[in-house]
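I have placed the structure first, in the form of structure tokens, so that the comments after it can refer back to it.
Coordinate-derived values only; no laboratory data. Predicted, not measured: the structure shown is a model, and the values here were computed from it. Here the Cβ is made from the backbone with ideal geometry for all residues, glycine too, and neighbour counts use every protein chain on show.
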Amino acid sequence: MCRQGGKAPEHTTKDTLMNHFLDIHTTSKSDLRQMIDTARAMKQARQSLPKGTPDADQPLAGQMVALIFEKPSTRTRVSFDVGVRQMGGQTMVLSGADMQLGHGETIADTARVLSRYVDLIMIRTFEEQTLHEMAEYASVPVINGLTNRTHPCQIMADIMTFEEHRGPIAGKKVVWSGDGNNVFASFAHAAGQFGFDITFTGPETLDPDDKLLRQVKSLGVDVTIERDPAQAVIGADLVVTDTWVSMHDPQSARERRHNQLRPYQVNSALMAQAKPDALFMHCLPAHRDDEATSEVMDGPNSVIFDEAENRLHAQKAIMRWCLGL
Ligand code: CP
Ligand code: NVA
């Protein structure tokens with residue numbers, strides 16, 4: 001059984017429930033909540049175990065996971081690899097450029113071939129269309145490890161992190177300062193699914209695109225846009241930023257982006273306008289003292305390394321959900 005994949009798989013080796021994890025807004029609220037709960041329980045269960053030891057439960061025993069990267073990665077690569085091993089499975093990390101995929105083989109053919117070898121595919125790619133084609137033609141679950149448009153695994157870890165520190169995120173105020181990019185898009189999707197308010201503050205030229213704003217409106221989310229960052233963060237429970245130049249952005253735009261985004265740097269003066277216990281998040285990698293100062297990143301309200309750790313736990317829960325385990 002396959003959910004979200006569009007057409008029926010052309011070949012399947014097992015009759016277990018199969019879910020693709022492609023985006024936050026296309027996954028049900030109850031499944032998202034179940035994944036966060038599972039992630040917290042699995043994290044708790046490992047509390048006293050050394051990092052390299054297997055989990056007591058081995059749901060991925062005998063399973064092979066392909067991790068495909070068409071862009072660089074530290075956290076996504078290592079956290080998926082470690083997570084699969086902790087759950088008893090094996091991984092192969094594949095660079096898109098080294099595969100025939102990078103030399104003209106179609107996504108559809110790649111998906112059908114990989115499905116004959118592996119039990120689960122995680123892909124980090126450029127165009128959203130590539131992810132959707134992979135899911136359409138694969139007969140195993142596909143996980144979105146970041147596209148130019150979204151980064152849902154990151155936001156699952158971020159929701160988990162917020163709730164660990166501050167309790168339920170429903171009804172809270174989240175303020176994004178900077179570029180209206182792929183990580184922002186998944187935060188906006190999550191606002192609908194988890195029921196929090198979201199405010200964007202940044203220059204008009206780097207606003208989230210209309211397609212995203214229309215999409216989240218249909219989820220009942222009205223993104224508040226406020227040009228003045230000091231005004232935007234008033235009452236914020238969480239302040240978030242990200243790099244000013246994403247991996248898919250042309251380097252030629254770097255200087256222009258920096259000039260436009262400098263007023264939106266998250267520094268101590270900006271954090272002082274938010275609630276006193278407002279958390280600070282950044283998905284990393286960061287350019288210290290550009291989008292956020294080291295003072296904020298290393299300050300008492302920063303949870304950036306908890307976010308990075310929780311990628312591991314959240315993705316383990318996502319993989320279990322994908323495989324119906
Ligand atoms: N946050 C995140 O996805 O980091 P990587 O690019 O290192 O995977
Ligand atoms: N917006 C960033 C996120 C990196 C994890 C990028 O796409 O490069």
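Is there a quick way to get the dipole size of segment 144-284? I mean about its Cα centre, with the Cβ of Lys and Arg at +1 and of Asp and Glu at -1; what is the value in debye to the nearest 20? Result for segment 144-284 is approximately 120 debye, rounded to the nearest 20.
When each of the peptides 245-252, 223-230, 278-285 is scored by how many other beta carbons lie within 10 Å of its residues on average, the order from highest to lowest is 278-285, 223-230, 245-252. The charge dipole of the chain, taken about its Cα centre with unit charges on the Cβ atoms of Lys, Arg (+1), Asp and Glu (-1) only, comes to about 640 debye.
Helix-only arithmetic for the chain: the sum of -39500 (n - 2.57) across DSSP H runs with n ≥ 4, divided by the residue total, places the mean residue ellipticity at 222 nm at -11500 deg cm²/dmol. By the gyration tensor of its Cα atoms, with a ≥ b ≥ c the square roots of the eigenvalues, what is the shape of segment 197-325: rounded for a/c under 1.5, prolate for a/b over b/c, or oblate? Judged from the Cα gyration tensor, segment 197-325 comes out rounded (a/c under 1.5).
Compare the Cα positions of PRO229, ILE318, THR106 along the charge dipole of the chain (+1 at Cβ of Lys, Arg; -1 at Cβ of Asp, Glu; about the Cα centre) and return the one farthest towards the positive end. With unit charges placed on the Cβ atoms, the residue in question is ILE318.
Can you tell which of PRO50, PRO208, PRO72 shows the greatest fluctuation in a Gaussian network model of the chain with Cα springs below 10 Å? Result for the chain, Cα springs under 10 Å: PRO50 fluctuates most. What separates the Cα centres of segment 123-188 and segment 245-308 is a distance of 18 Å.
Pairs of lysine residues in the chain that meet both criteria, 8 or more places apart or on different chains and Cα atoms under 26 Å apart, total 21.
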